[in-house]
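Undergrad: Right, I'll just put the structure down here and ask away after.
The values are calculated or read from the model by the stated rules, or taken from the named source; none is laboratory data. This structure is a prediction, so every number in the text was calculated from the model and none was measured. With ideal geometry, Cβ positions are generated from the backbone for all residues, glycine too; neighbour counts draw on all protein chains shown.
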């Protein structure tokens, strides 16, 4: 694991330690292969949720007819790993 991968791993582990996830952090545990669909649109604290039924997720916030994801781990993955 190189320095960048270690940094990413440490940052995500810190986020995970302060959060409860109904999916048991499958995004992280699958090495980012099991990700919900989301898109970074430049907002600092949110990404757009592109899942079929976004309101089924506890991290989904509906605002102005658009579903946003408020999961700190998913936001980090979208913004820093571009996934």
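Undergrad: Would you call residue 52 in contact (Cβ under 8 Å) with a residue 12 or more places away in the chain, surrounded by fewer than 16 Cβ atoms within 10 Å (Cβ to Cβ), more than 10 Å from the chain's Cα centre (by Cα) and not in a helix (DSSP H, G or I)?
TA: Numbers: in contact (Cβ under 8 Å) with a residue 12 or more places away in the chain: no; surrounded by fewer than 16 Cβ atoms within 10 Å (Cβ to Cβ): yes; more than 10 Å from the chain's Cα centre (by Cα): yes; not in a helix (DSSP H, G or I): yes.
Taking the combined requirement at face value, the residue does not satisfy it.
Undergrad: I need the full set of residues from the range 1-52 which are touching a strand residue (DSSP E or B) at 6+ places or on another chain (Cβ under 9 Å) and over 14 Å from residue 74 (Cβ atoms), in order please.
TA: Once the filter is applied, which keeps residues that are touching a strand residue (DSSP E or B) at 6+ places or on another chain (Cβ under 9 Å) and over 14 Å from residue 74 (Cβ atoms), the range 1-52 yields nothing.
Undergrad: Out of 35, 43, which single residue is touching a helix residue (DSSP H, G or I) at 6+ places or on another chain (Cβ under 6 Å) and not in a helix (DSSP H, G or I)? Outline the logic, then answer.
TA: Details: 43 fails: touching a helix residue (DSSP H, G or I) at 6+ places or on another chain (Cβ under 6 Å).
None of the others qualify; the one that does is 35.
Undergrad: Could you give me the residue pairs with C-beta distances under 9 Å whose first residue belongs to the range 20-34 and is without any contact (Cβ under 8 Å) to a residue 40 or more places away in the chain, whose second residue is assigned to a loop (DSSP other than H, G, I, E, B) and loosely packed, with under 13 Cβ neighbours inside 10 Å wherever it lies, and which are 6+ apart or on separate chains?
TA: As it stands, the answer is 20/58; 22/58; 23/34; 26/34, since those pairs meet every condition given.
Undergrad: Name every residue in the range 55-68 that is in contact (Cβ under 8 Å) with a residue 12 or more places away in the chain and in a helix (DSSP H, G or I), in order of residue number.
TA: Here is the first cut: in the range 55-68, the ones in contact (Cβ under 8 Å) with a residue 12 or more places away in the chain are 55, 57-59, 61, 66-68.
Result: 55, single match.
Undergrad: In the range 60-83, how many residues are under 9 Å from the mean Cα position of the chain (by Cα), surrounded by 17 or more Cβ atoms within 10 Å (Cβ to Cβ) and farther than 15 Å from residue 9 by Cα?
TA: 2
Undergrad: Kindly indicate whether residue 9 is surrounded by 11 or more Cβ atoms within 10 Å (Cβ to Cβ), out of contact with any helix residue (DSSP H, G or I) (no Cβ under 7 Å at 6 or more places or on another chain) and either closer than 13 Å to residue 71 by Cα or at pLDDT 90 or above (or both). Before you say what the answer is, go through the steps one by one.
TA: Details: surrounded by 11 or more Cβ atoms within 10 Å (Cβ to Cβ): yes; out of contact with any helix residue (DSSP H, G or I) (no Cβ under 7 Å at 6 or more places or on another chain): yes; either closer than 13 Å to residue 71 by Cα or at pLDDT 90 or above (or both): yes.
Answer is yes for this residue.
Undergrad: Please tell me if residue 19 is in contact with a helix residue (DSSP H, G or I) (Cβ under 8 Å, 6 or more places away or on another chain) and in a loop (DSSP other than H, G, I, E, B). Break it down into steps so the answer makes sense when it comes.
TA: Details: in contact with a helix residue (DSSP H, G or I) (Cβ under 8 Å, 6 or more places away or on another chain): yes; in a loop (DSSP other than H, G, I, E, B): yes.
Criteria met by residue 19.
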